[in-house]
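Shown next, in structure tokens, is the structure this report addresses.
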Amino acid sequence: MAKMKKESEKNSLKQWRVGAYLRLSKEDETAGTSVSIDHQNAIILDFIENDPLQFTLVDTYVDDGISGVTAERRPEFQRLIDDVKAGLINCVITKDTSRFTRSVTDAEYYVNTLFPSHDVRFIALGSPRIDSFEDPESVEGMQFHFENYFNEYFVKMTSKKIRKVFEMKTKKGEFIGSYAPYGYAKDPSNKHKLVVDEEAAEIVRKMFDMFVYDKLSIRGLALRLNDMGVLPPREYKASKGITPNGREAKIPSWHFNSVRVILSGEKYCGHMVQGKTKNISYKVKKPKQQDPKNWIVVKNTHEPIISEDLFQKTQVLLKRPSRVSRNGEKSLYASFAYCKCCDHILSRNTVRKSGKYFYRCGFHETTKKCRPLNIMEHVLDEHILFAVKSQIVLIAEMDKLKQKILASGNFTDDSKILQRNLRHLEKERDKLEARSHRLYDDYADGTIDKDLYISRSASLKQELETAKDRIAKIQIEIRQFKKVQTTTDSYADRFKKYETVSEVTRELLVDLVDKILVDKEDNPNGNRLKQRKYVKVIFKFADEHKALP
């Protein structure tokens, strides 16, 4: 008894230099004021003030808005541990174990390994109270282990519920990001809806136009934006009072990656694209990139900034290789002119004496695996202009043929026959399916035996498959008829827009041309200077042409 009293007196004389740890995260928001930072601080201060001779508050460590799952992501927690190791504090007090950590592994390591090795006392003012100095059993018994398990389980279940809610919102086309993408802002009346930020949207429009029509590369576009003094996305948001997470750039400037992200963004067509990354576990905060086929895309959820047509042209050019000058500008035929022999893109060069441009196969220049090829730019221009004008003539003829087909009585009669045959076959299919169901019912109630059921079932199945095949073929024919009927004149108008064109422009190439293949025809006289060039222009809109017989 005397020994216990002496030990108690010894304990009461020890001075404890306290580090108070407070934490609040999003998963705790539903708990209200009971876990707020101010509430936690008040409880700890009240405990210390009740015994000022024994406890002295050295510092308060606050992680506000940070999950307690991992210790590494909590800066104030790390500062607390550093001060423990440095001997600045020898007592850690927290409101309860869940404020200290929600990880079973971390709780066991810090409370039962690290703190004892530095002679540090741990107190959690929950119920029941945890005190590693006055009651060592409280951190070693089942109660402490159970609390830690429950703390981690709470995060796991909360995280699971949040992910389900987010998944539901994304499938409905609701925006769930913390910050709206550049060019948009969150609707003040609905944070899950995007509205156009006209100031930034104007820059987005210019970026797409300059990339597609002004012969600028991604790097050239970044340089142009910097020269124009346009604030990059992060700095622009900061100027609007929005402060995204991340490291601030020493010299704010557009980077080619920022440009590529914007040019690749289908969201600028008015479609919500989310689910590009996914958290694989509530413990692992680094999200995993998802395959594009698993992205969640909901069409027409907000106002578009650019047209679908311009976006698709941009995607085609982004995927194509091109030669770029030092200032980031592309040549006129960049991403369009290819060597027919090796399918490598042609690079533009300058004739020293005249200053005129010509294109050559760089693959031959570097590897000698392709035969020499070069073509003057003005020769390419002549071929393109001739091909465009020829195509316009062809389209005019096709348009006349289309009108003649649509006006013919045979077209209408054939279409009606197909529709009538389709209805007949669909009725036949329905009857066969009904017979199949009745046959199974007869087998199930014992009217027919198993062998007879198998025999008749196989025969019905064959008839049903035949009917379905015939229905599918007729549906294809009907779609073809409708395609001829509904083929619009938009592609024809595209060509007719250039009916009086006298020079090749970037806009003409982007609008009409898919690819240009260049080769040279062998000259029997062996004169390289007089070798004729082979130029094949592959136009877009092949499907529209095929729709007409």
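Numerical summary
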| item | result |
| --- | --- |
| Enumeration of residues in the stretch 355-366 that are free of Cβ contacts under 8 Å to residues at least 12 places away in the same chain and open to solvent by 70 Å² or more (accessible area, probe 1.4 Å) | Glu365, Thr366 |
| Residues (in contact (Cβ under 8 Å) with a residue 40 or more places away in the chain and out of contact with any helix residue (DSSP H, G or I) (no Cβ under 7 Å at 6 or more places or on another chain)) located in the stretch 69-83 | Thr70, Arg73, Arg74, Glu76, Phe77, Leu80, Asp83 |
| Pairs with Cβ under 7 Å, 6+ apart, first in the stretch 491-520 and within 20 Å of Leu373 (Cβ to Cβ), second among the charged types (D, E, K, R) and part of a helix (DSSP H, G or I) | Val504/Asp381 |
| Selection count where residues are of a type outside the set (Gly, Ala, Ser) and open to solvent by less than 10 Å² (accessible area, probe 1.4 Å), scope the stretch 98-113 | 4 |
| Top-ranked residue of the stretch 211-221 - restricted to ones that are in a helix (DSSP H, G or I) and open to solvent by 10 Å² or more (accessible area, probe 1.4 Å), ranked as nearest to Leu263 (Cα to Cα) | Ile218 |
| Subset of the stretch 393-440 (residues that are modelled with pLDDT of 70 or more, open to solvent by 90 Å² or more (accessible area, probe 1.4 Å) and over 27 Å from Ala492 (Cβ atoms)) | Arg420, Arg423, His424, Lys427, Lys431, Arg435, His437, Arg438, Tyr440 |
| Single condition Val379 does not satisfy, out of (1) in a helix (DSSP H, G or I); (2) open to solvent by less than 30 Å² (accessible area, probe 1.4 Å); (3) at pLDDT 80 or above; (4) not hydroxyl-bearing (Ser, Thr, Tyr) | (2) |
| Identity of the residue in the stretch 130-163, closer than 30 Å to Gln54 by Cβ and open to solvent by 100 Å² or more (accessible area, probe 1.4 Å), that ends up nearest to the chain's Cα centre (by Cα) | Phe146 |
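Each row is one residue, and each column tells you yes or no for (1) in a loop (DSSP other than H, G, I, E, B); (2) open to solvent by less than 70 Å² (accessible area, probe 1.4 Å); (3) modelled with pLDDT of 90 or more.
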| position | (1), (2), (3) |
| --- | --- |
| Glu202 | no, no, yes |
| Lys206 | no, no, yes |
| Leu231 | yes, no, yes |
| Arg247 | yes, no, no |
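The values are calculated or read from the model by the stated rules, or taken from the named source; none is laboratory data. Model, not experiment: these values are computed from the prediction. Note: ideal-geometry Cβ built from the backbone for every residue, glycine included; neighbour counts use all protein chains shown. Surface accessibility is based on the protein's heavy atoms, side chains included, excluding ligands, DNA and RNA. Shrake-Rupley method; radii C 1.70, N 1.55, O 1.52, S 1.80 Å.
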